[in-house]
Amino acid sequence: MRTLPRCLLLAAILAASSVCGAAEELELTVGQAREAARTAYRQGDIESANTIARIILESHPDDASALLVLAATEPLMGRPEEGRQAGVRAWANADDPALRHEAAFYTSKAYAADDRFFMAQLWLRRAYHTADSEEEREQLENVFDRLRTVSPWLMRFSFDVAPSSNLNGGASSEFLVIDDTFPVGQLSGTARALSGVTSSVQGQAVRTLSQSPDHLTTLTFNGYRTFNTLSDEAKSIAPEAEGSDFDYGVAEVVLGYRRAQSPFILPDRISVALGQTWYGGEQLDKLSRLTLSKKVKITPNDWMRFEVQAEHRDPDDDGQDRQGRELNWDYFHQTKDGDLLSFGVSGTNVTSDEIDYAYTGVSARMSALMADDIWGVRLGGSLEYSFNDYPDYRIGSIYIDDGREDREISADLDIYFDQIDYMGFVPVITVSGSKTTSNISRFETDSLGISIGFNSAF
């Protein structure tokens with residue numbers, strides 16, 4: 001049986017060497033020493049708990065329980081770095097799930113005490129993953145929310161993998177036909193629908209610049225990137241193409257300001273964005289965007305949001321600039337069961353000296369998101385219809401008298417597996433489909449895809 005001299009423990013607890021010197025050479029098991037350290041910590045005797053843990057570690061340097069006590073006490077004694085180092089070691093050496101859970105939790109607290117909030121959130125997710133009851137998980141969700149309020153940084157990441165019947169937005173037909181009657185020729189392979197797999201990664205880092213009960217000012221960094229792989233069928237249609245030819249990426253920085261309430265018709269959210277887009281590995285556009293929006297509460301369960309957006313795009317090639325304006329209106333209703341329903345309409349106008357880019361569009365959409373799961377899954381979905389009118393349009397040297405008109409209908413079904421999670425991330429399967437009709441066959445498309453991704457549960 002592993003033992004420790006009891007006089008050392010008495011010295012740790014009483015901090016009196018004379019008592020130890022007079023004490024009989026009794027021995028205490030390591031298990032009893034661990035319990036003594038935990039008892040001292042629970043009773044608020046932080047220094048004694050810390051000292052006992054250090055004595056245990058002198059002869060048992062990888063003792064997970066003693067390392068855990070150090071992780072809990074070192075930050076309270078002004079040494080958060082030592083606390084998080086002990087917590088990481090406790091996690092690595094713990095072979096008991098409950099001990100690993102505590103190690104993750106106190107390591108998170110040690111990182112938070114040192115203002116390293118990103119790592120604090122990561123370790124809190126580990127604590128969430130090792131919690132053995134729903135009550136503990138709910139408590140950790142509340143801790144996570146409080147951590148977000150004190151942290152100047154907020155990080156979000158998501159990724160998914162989506163097999164698609166049309167990853168490049170290509171035409172359904174191999175021929176170019178105008179108004180269903182005037183054949184022009186055969187489309188190139190890359191202009192036709194190509195099937196394959198699209199993987200996407202999205203990240204967001206939000207830095208709080210100033211905050212009060214009435215306002216919030218943030219600086220946000222957004223990044224999005226797709227990675228495409230063509231199927232064998234697509235390679236036979238477009239032999240010279242590669243999946244990377246259709247990769248898309250965007251990076252932007254957004255300065256945002258939000259007020260709890262704004263008088264009259266003044267917006268409660270204002271944001272200014274600058275960014276860059278890429279396509280096929282080449283720079284595509286530089287963009288700048290101004291967004292104003294306002295929430296109008298009607299009842300405790302009903303509200304509307306109005307949004308106005310102006311955007312400028314400057315192509316990196318010799319193309320002409322584009323100026324876009326968009327108006328959005330959305331109505332939201334939350335049922336007594338917590339389900340969220342919404343309906344919205346939008347209007348868009350884009351102008352450019354390059355006539356192929358100038359158009360006017362309208363759209364309508366509706367969506368629903370369940371609050372509770374059924375048979376272990378939670379459902380959400382959306383349906384949207386849009387119409388875009390290009391009054392002037394040409395294809396090469398051919399000018400289209402009636403311009404171009406596109407009509408699209410799209411639908412998505414999201415399936416959330418809330419009962420399956422890893423570190424607070426739950427798998428989400430999205431089934432999506434869209435169909436576009438146009439008076440120019442190049443823009444008549446059909447797309448069906450299914451994606452598998454992960455979303456944060458809190």
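3J(HN,Hα) along the stretch 441-458, derived from phi through the Karplus expression 6.51 cos²θ - 1.76 cosθ + 1.60 where θ = phi - 60°, amounts to 4, 4, 9, 8, 10, 10, 9, 9, x, 9, 10, 10, x, 9, 10, 6, 7, 8 Hz, with x in place of Gly and Pro. Taking square-rooted eigenvalues a ≥ b ≥ c of the alpha carbon gyration tensor, is the stretch 356-425 rounded, prolate or oblate, where a/c under 1.5 means rounded and, failing that, a/b exceeding b/c means prolate? Note, shape of the stretch 356-425 comes out prolate. Projecting label points 7 angstrom from Cα along Cα→Cβ for residue 379 and residue 392 puts them 4.9 nm apart. If R0 is 60 Å, the Cβ-Cβ spacing of residue 419 and residue 320 corresponds to a FRET efficiency of close to 0.70. Overall shape of the stretch 98-223 was characterised from the C-alpha gyration tensor. The equivalent ellipsoid obtained from it has semi-axes of 49, 20, 12 Å, in decreasing order.
Between (i) 107, 58, 46; (ii) 69, 44, 38; (iii) 71, 50, 40, which entry matches Cα extents along the principal axes in Å as derived from the coordinates of this structure? Entry (i).
Residue by residue, the stretch 99-108 carries 3J(HN,Hα) couplings of 5, 5, 4, 5, 4, 5, 5, 6, 5, 4 Hz when phi is fed to the Karplus relation 6.51 cos²θ - 1.76 cosθ + 1.60 (θ = phi - 60°); x denotes Gly or Pro.
Dipole check for the chain: with +1 at the C-beta of Lys and Arg, -1 at the C-beta of Asp and Glu, and the Cα centre as origin, the magnitude is about 1660 Debye. A cut-off of 5 Å between modelled amide H atoms, ignoring neighbours fewer than 5 places along the same chain, links residue 160 with 200. Tell me whether the stretch 91-140 comes out rounded, prolate or oblate; compute the Cα gyration tensor, take square roots of the eigenvalues as a ≥ b ≥ c, and use a/c under 1.5 as the rounded threshold. Judged from the Cα gyration tensor, the stretch 91-140 comes out oblate (a/c at least 1.5, b/c at or above a/b). Rounded to the nearest 0.05, the FRET efficiency derived from the C-beta distance between residue 132 and residue 340 at R0 = 25 Å is 0.20. Note that the stretch 275-286 has calculated 3J(HN,Hα) couplings of x, 9, 10, 9, 8, x, x, 10, 4, 10, 9, 9 Hz, one per residue in order, obtained from phi through the Karplus relation 6.51 cos²θ - 1.76 cosθ + 1.60 (θ = phi - 60°); glycine and proline are x.
Pairs with C-alpha atoms separated by more than 32 Å, drawn from the list 235/435; 109/336; 286/435, are 109/336.
Backbone amide hydrogens, once placed in the peptide plane, bring residue 423 within less than 5 Å of 129, excluding anything fewer than 5 places away on its chain.
Only the coordinates and a few stated rules stand behind these numbers; no lab work does. No experiment lies behind these values; they were computed from the predicted model shown. Neighbour counts run over all protein chains shown; Cβ positions are idealised from the backbone, glycine included.
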